[in-house]
Amino acid sequence: MIARRLSAAILLAVLAGCASIAKVETGPRTIGERLTVQIDGPWNQVNAPGLGPAIIWTMEGLPVDQLMIYTGVRDGAAINATPRGSTKSFNFRATMEPEEIEAMFEAMLTQDGSSMKLTKLEPAPFGGQRGYRFEFDLVRKKDNVHIAGIAYGAISKRELFAIVYVAPRLTFFPRHVASVVKIAESARIKE
């Protein structure tokens, strides 16, 4: 459902002339005010109304794969765009533990009735901070596609910084996960 909503939003925005897709150049990239990463692959950034607060990158195109980048999400702010007519938002709290952050992302990713299974949650550095990493499998309700996901994140100065990558488990995820891990390992959060 998330992928369908995202695709529909992008299609509507493109038809309305409000969406754009831009190549993300290789090399060091500053995202937001405080996050920098090193890019070494052919990512594309999708810009359209209603996608925020995450910055959305893709290698294969939406809805095949998505790299959601969260930079500086403040205490109390939502991590999802709220579709028109919906009041469901998933809000970050600066006091959250990694398990609670994972549960927040799980609730967002399964709000359409999809099912998710956490396969790993462990401490991991992110952005030069003490952070976390989690991996998961998701079965999309709308088409029964099996999705794999990986996420890294940390809290710095009461703000959430995270990347979440999702793609079909047997095809596109194995093709691009190494690039996502390199991005995560290169991440630096400016103090």
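The values are calculated or read from the model by the stated rules, or taken from the named source; none is laboratory data. Keep in mind that this is a model prediction, so the values were computed, not measured. With ideal geometry, Cβ positions are generated from the backbone for all residues, glycine too; neighbour counts draw on all protein chains shown. What goes into the accessible areas is simple: the full protein's heavy atoms, side chains included, and nothing from ligands, DNA or RNA. Shrake-Rupley method; radii C 1.70, N 1.55, O 1.52, S 1.80 Å.
Laid out as a table, the results:
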read-out	value
Reachable lysines from Lys141, criterion Cα separation under 20 angstrom, eight or more residues apart if same chain	Lys88, Lys117
Relative contact order (%) - the chain, alpha-carbon pairs under 8 angstrom, separation at least six	21
Length added when fully stretched, Ser20-Asn47, from 0.36 nm per residue minus Cα-Cα	9.2 nm
Set of aspartates and glutamates with alpha-carbon distance to Lys142 below 18 Å, sequence-local pairs under 8 removed	Asp65, Glu106, Asp112
Sequence-distant lysines (8 or more away, or on other chains) whose Cα lies within less than 25 Å of Lys190	Lys23, Lys157, Lys182
Estimated translational D of segment 18-86 in µm²/s (Stokes, Kirkwood radius over Cα pairs; 4 °C; 1.567 mPa s)	99
Calculated FRET efficiency for the pair Lys190/Val139, C-beta based, R₀ 35 Å, to 0.05	0.40
Nonlocal amide H pairs with Arg93, under 5 Å, H built at 1.01 Å	Gly76
Residue-normalised accessible area of the chain, expressed per residue, 1.4 Å probe, Å²	49
Residue-by-residue Karplus 3J(HN,Hα) for segment 75-82, coefficients 6.51, -1.76, 1.60, Hz, glycine and proline x	3, x, 7, 7, 9, 10, 7, 8
5 Å-binned pair-distance histogram of segment 83-156 (Cα, whole percent)	3, 15, 23, 21, 18, 12, 6, 1
Hypothetical label at Asp40: residues of segment 152-173 whose amide nitrogen lies under 14 Å (7 Å Cα-Cβ projection)	none
For the chain, alpha-carbon Rg over 2.2 N^0.38 Å	0.95
Accessible surface of segment 50-187, 1.4 Å probe, proportion on carbon and sulfur as whole %	51
Net length gained if the chain between Ala178 and Lys120 were fully extended (0.36 nm per residue, minus Cα distance)	19.2 nm
Rounded Å value of the spacing that divides the Cα centres of segment 42-77 and segment 152-191	12
